[in-house]
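The values are calculated or read from the model by the stated rules, or taken from the named source; none is laboratory data. What you see is a predicted model; the values in this text were computed from it and never measured. Here Cβ is always computed from backbone atoms with ideal geometry, including for glycine, and neighbour counts include all displayed protein chains. Keep in mind that these areas ignore ligands, DNA and RNA; they rest on the heavy atoms of the full protein, side chains included. Shrake-Rupley method; radii C 1.70, N 1.55, O 1.52, S 1.80 Å.
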Amino acid sequence: MTSLRLNILLFVSLVLAIILSLAAGKVWVDPSAWWGDDLGALIIMELRLPRTVLGAAIGAALGMAGATMQGYLRNPLADPGVFGVSSSAALGAVSSLYFGYAAAAWLLPAFAMAGAGIGMGLLALLAGRSGSLILFTLAGVILSSLAGSLTSLLISLAPTPFATTEIITWLMGALTDRSWDDVKLAVPIIAVGMFFLLATGRSLDALTLGEDAARSMGVNVLRLQWLAIIGVGLTVGASVAAAGIIGFVGLVVPHLVRPFAGHRPSAVLLPSALAGALLLVLADSLVRILPIVSELRLGIAMALIGAPFFMALLFKMRRELA
């Protein structure tokens, strides 16, 4: 399948998934009631449409970030969480909840983006100026471990049970009660981050031949590292700021599209974005229509989907190495 046909197919599927997402919920809204002044139109325009737009944007961001990471690290198990940016963003958001600075709607996302920015700076500082993949990976692991430990510390020291519950609930990840304000905050930052990620395409293709070969072909490895850091930092940071931690999208989606898009990293970026948006919109629709009392958190749903996929991938790799 050509890249153009794959992208068209994924785009059409995404449009259909968005239509389904607008209609789906505890109360199904007929498309004929989407326009007008009645309750159905209000539900669509003020509740489901911003939630769906945000879900598509976050899915696209995480999908492209995962594809970029797997291409840059040349590791099919790489995920945006490896960078430590998502953990840093979560630490920022948890800090706002812990210290009571989340009263205003924009403060929690602001703290999350600040955490992501600090994480990006520390990642660049730890990785150094060499552009080394090994140093970069180790720096990401260190940063992720440190941010995760500090987040756990804040949870354990939370001043009230209510604060603890609020922090844990937010960390589970969800699109519940998201509004146009969240869309206006997250989508522009995600768009800028995806622009940086797309700019890595040709360099990632050259990097498949190895660092030395890429340098001999004129690739500035340090510039590529910075593009990856900034792109992943903006996309993942904005996603975590808007919806909490939603895992496995960046791991699963590139593997699903790679057999159809080809194995060049640049050819996988855009299909991964479209497939990530499709996956998250469908998953969010599913959690809304499940016959349970309270809505299943989207982060939990993605973990239930992603963990078995991850294990199957590990077993496949083990058989290939045997």
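Note down the net charge around LEU286, summing +1 for each Lys or Arg and -1 for each Asp or Glu among other residues with Cβ under 15 Å from its Cβ.
Taking every Cβ under 15 Å from that of LEU286, the sum is +3.
Relative to the longest principal Cα axis of the chain, at what angle does helix 107-127 sit, 0 to 90 degrees, rounded to 10?
Its long axis makes an angle of about 10 degrees.
Taking Cα atoms of the chain, Rg/Rh with Kirkwood Rh, to two decimals?
On the Cα set of the chain, Rg over Rh gives 0.98.
Which of ALA307, LEU185, ALA110 sits closest to the plus end of the dipole of the chain, meaning its Cα is farthest towards the positive end, when Lys and Arg get +1 and Asp and Glu get -1 on the C-beta?
Comparing the listed Cα positions along the dipole, ALA307 ranks first.
How would ILE142, ILE245 line up by accessible area, probe 1.4 Å, largest first?
Listed by decreasing accessible area, they come as ILE142, ILE245.
With axes computed from alpha carbons, what is the tilt in degrees of helix 3-23 against the longest principal axis of the chain, rounded to the nearest 10 within 0 to 90?
Roughly 20 degrees, rounded to the nearest 10.
Between the stretch 159-203 and the stretch 27-103, how many Å separate their Cα centres?
5 Å
Could you put ARG223, ARG178 in order of accessible surface area, largest first, with the 1.4 Å probe and the full protein assembly present?
Output order, biggest surface exposure first: ARG223, ARG178.
Which whole-Hz ³J(HN,Hα) couplings does the stretch 59-74 yield from phi under the Karplus relation 6.51 cos²θ - 1.76 cosθ + 1.60, θ = phi - 60°, glycine and proline marked x?
Per residue, the Karplus-derived 3J(HN,Hα) values read x, 5, 4, 5, x, 5, 4, x, 5, 5, 5, 5, x, 6, 7, 6 Hz.
Pick from SER95, SER179, SER216: which residue has the top mean-square fluctuation in a GNM of the chain where Cα pairs under 10 Å get a spring?
Answer for the Gaussian network model of the chain: SER216.
Can you tell me the orientation of helix 221-243 relative to the chain, as the angle in degrees between its alpha-carbon axis and the longest Cα principal axis, to the nearest 10?
Between the helix axis and the principal axis of the chain, the angle is about 10 degrees.
Note down the accessible area of VAL293, probe 1.4 Å, to the nearest 10 Å².
Approximately 150 Å² for this residue.
What is the stretch 277-322 by shape, rounded, prolate or oblate, if you read a ≥ b ≥ c off the alpha carbon gyration tensor as root eigenvalues and call it rounded for a/c under 1.5, prolate for a/b larger than b/c, and oblate otherwise?
Because a/c hits 1.5 or more and a/b exceeds b/c, the stretch 277-322 counts as prolate.
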